[in-house]
Amino acid sequence: MPILAQFDTPAFLKDVPDGSPFYKNWSAFISGLTGNTKKGDGGGAYYNPAKVDVTITAEKLMTWMGFPRQLMLSGSGNGDRTGAFIAADADVKKRMPQIEYFEWKVDRKNDMITKVSFVTETSDYYEQLWDVDRAAVLSLYQKLVSPAVVEADLHKNGVYNKFNKWNTTEGIVHYIHPANSFNAAIGLSRDSVKSPAPFSDNYEAKPGLAGQVTSADPRISFDTHMRIRKGFYVSLKNPVGLYIAGWENSGITNPDGSPAGNYWRIVRGVPGMVLRLEYEVPASLGFVVGDLKIGGRRIKYGGQLAEHITVTLAGTMGTIKKS
């Protein structure tokens, strides 16, 4: 394909009019994180499609479960994993256990879950949009969380505050975990050119992260490394984005024991590039999410649904054109 003229926004979002400087700023941001060509083993390389002309021969979806692997393996000492579910939901101000480029917020009424909102958007997007068009950010918050949001809620001394109450205790719009960023995700791919890869395919912990085990990091790193090792030029697919790849209803039942209906709703993004997914029972049915069961256990935690969701980062591979 020809050299990419401009990186598009995740899921081709159009939150401001065409011609806004935001789009060029975003493209420059992604290009800067991608960097220049880095040669790897086997003749392959990680490259920037905005700088190098590569003939794409295939695409690769790097996919993993949204629920934190470290909690899933430990079960927090509880055989039925209740402890893991409690831990995953607990830190609403920083969402620290939610480390798989996937975060969620649980809404409750009278201690019953009414809705769970899942997101794969980074704070980078909102920080850059804020610098160009504050009204656009405010409008998104009002649409995604509450009409009660006002501009003053979203910043500190004019600087966008990703830890504002509408993105923590009162709602969710995008990531707040420090490891869930484009810098981290693109960096994993970019820095996987040499052998041995930073992560191995058996999901070992990354050295220096206190034994932390994730599903996302080794998947991204290993898949990228192996394609480069085979001699391909590899990059992330435009529009670069972390997306909700899939979700399913297996084992979810209504209060009467019948299979649950399709209570999933894409709120932001499009199929194949979903950035926000909500799970909520229609009010007309007379019951709520907390009345449902998964495997015979009532839904009390967002993590029970997170186990039904996968996340993806799409890569491309190809050969460089010879001059």
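The values are calculated or read from the model by the stated rules, or taken from the named source; none is laboratory data. Owing to the predicted nature of the structure, the values given are computational and were not obtained by experimental measurement. Counting neighbours? That spans all protein chains shown, and the Cβs are built from the backbone with ideal geometry, glycine included. To get the accessible areas, we keep the full protein, side chains included, count just its heavy atoms, and leave off ligands, DNA and RNA. Shrake-Rupley method; radii C 1.70, N 1.55, O 1.52, S 1.80 Å.
Can you tell me how the range 81-200 classifies by the Cα gyration tensor, rounded, prolate or oblate, using a/c under 1.5 as the rounded cut? Verdict is oblate for the range 81-200. Which values of log₁₀ I(q)/I(0), to two decimal places, follow from the Debye formula for the range 231-323 at q = 0.12, 0.14, 0.15, 0.23 Å⁻¹ with a uniform point scatterer at every Cα? Taking Cα atoms of the range 231-323 as identical point scatterers yields -0.50, -0.61, -0.67, -1.15. Surface composition of the range 17-69: carbon and sulfur atoms hold 54% of the protein heavy-atom accessible area at a 1.4 Å probe. Only protein heavy atoms count here; on that basis, with a 1.4 Å probe, Met112 has an accessible area of about 50 Å². When the range 234-323 is described by a simple charge dipole with +1 on each Lys and Arg Cβ and -1 on each Asp and Glu Cβ, the residue from Ile299, Gly269, Ala314 located farthest towards its positive end is Ala314. Along the axis of the charge dipole computed for the range 1-157 (Cβ charges of +1 for Lys and Arg, -1 for Asp and Glu, origin at the Cα centre), the listed residues Asn48, Ile99, Met72 are led at the positive end by Met72. With the simple spin-label model, which puts each label point 7 Å out from Cα in the Cβ direction, the Thr319 to Val92 separation comes to 5.6 nm.
Could you state the accessible area per residue of the chain in Å², with a 1.4 Å probe and every protein chain left in place?
In whole numbers, the chain has 44 Å² accessible per residue.
Just to check I understand the Karplus step: with θ = phi - 60° and J = 6.51 cos²θ - 1.76 cosθ + 1.60, what whole-Hz values come out for the range 279-293, glycine and proline as x? Each residue of the range 279-293 in turn: 10, 7, 7, x, 4, 5, 7, x, 9, 10, 4, x, 8, 7, 10 Hz. With the largest listed first and rounded to whole Å, the semi-axes of the equivalent ellipsoid of the range 1-120 from the Cα gyration tensor are 38, 22, 12. In a reduced charge model with +1 at each Lys and Arg Cβ and -1 at each Asp and Glu Cβ, the chain shows a dipole moment near 620 debye about its Cα centre. Highest GNM mean-square fluctuation among Pro259, Pro218, Pro68, for the chain modelled with Cα contacts below 10 Å: Pro259. Specify which residue in the list Ala245, Val119, Tyr233 is farthest towards the positive end of the charge dipole of the chain, using unit charges on the beta carbon of Lys, Arg (+1) and Asp, Glu (-1), about the Cα centre. Value computed over the given set: Tyr233.
Loop-only check: which trypsin sites (Lys or Arg not before Pro) in the range 58-120 are DSSP coil with at most 15 other Cβ within 10 angstrom? Walk me through the numbers before you get to the answer.
Values: sites: Lys60, Arg69, Arg81, Lys93, Lys94, Arg95, Lys105, Arg108, Lys109, Lys115; in loops: Arg81, Lys93, Lys94, Arg95.
Here the sparse-neighbourhood loop sites are Lys93, Lys94.
Once the chain from Thr169 to Asn110 is taken as fully extended at 0.36 nm per residue, the excess over their C-alpha distance is 19.6 nm. Note: relative contact order over the chain, using C-alpha pairs below 8 Å and six or more positions apart, is 29 percent. Our helix-only sum for the chain, with -39,500 (n - 2.57) per DSSP H run of n ≥ 4 divided by its residues, gives a mean residue ellipticity at 222 nm of -7000 deg cm²/dmol. Using heavy atoms of the protein chains and a probe of 1.4 Å, the accessible area assigned to Thr312 is about 10 Å². Between Ala28 and Leu61, the contour length at 0.36 nm per residue exceeds the alpha carbon distance by 9.5 nm. Projecting label points 7 angstrom from Cα along Cα→Cβ for Gln142 and Val52 puts them 4.6 nm apart. Springs join every pair of Cα atoms under 10 Å in this Gaussian network model of the chain, and among Val288, Val150, Val116 the largest mean-square fluctuation is at Val150. Against the chain, whose longest principal axis comes from its Cα atoms, helix 134-144 is set at around 50 degrees. Here the range 23-82 is treated with +1 on each Lys and Arg Cβ and -1 on each Asp and Glu Cβ, and its dipole about the Cα centre works out to around 160 debye. Label zone of Thr253 (point 7 Å out along Cα→Cβ, amide N under 12 Å): in the range 290-323 this covers 292-298. Dipole magnitude for the range 204-299: computed about the Cα centre from +1 point charges on Lys and Arg Cβ and -1 point charges on Asp and Glu Cβ, it is near 420 debye. Among Ser284, Ser235, Ser146, the largest mean-square fluctuation in a Gaussian network model of the chain, built with springs joining Cα atoms closer than 10 Å, belongs to Ser284. The length gained by stretching the chain between Leu285 and Lys237 to full extension, at 0.36 nm per residue less their Cα-Cα distance, is 13.2 nm. Rg and Dmax, both from the Cα atoms of the chain and both in Å, are 20.4, 68. Taking θ as phi - 60° and the Karplus parameters 6.51, -1.76 and 1.60, the scalar couplings of the range 99-116 work out to 10, 9, 6, 7, 10, 8, 9, 9, 9, 10, 9, 6, 6, 10, 5, 10, 7, 10 Hz in sequence order, x denoting glycine and proline. Overall, the accessible surface of the range 237-323 at a probe of 1.4 angstrom is composed of carbon and sulfur to the extent of 53 percent.
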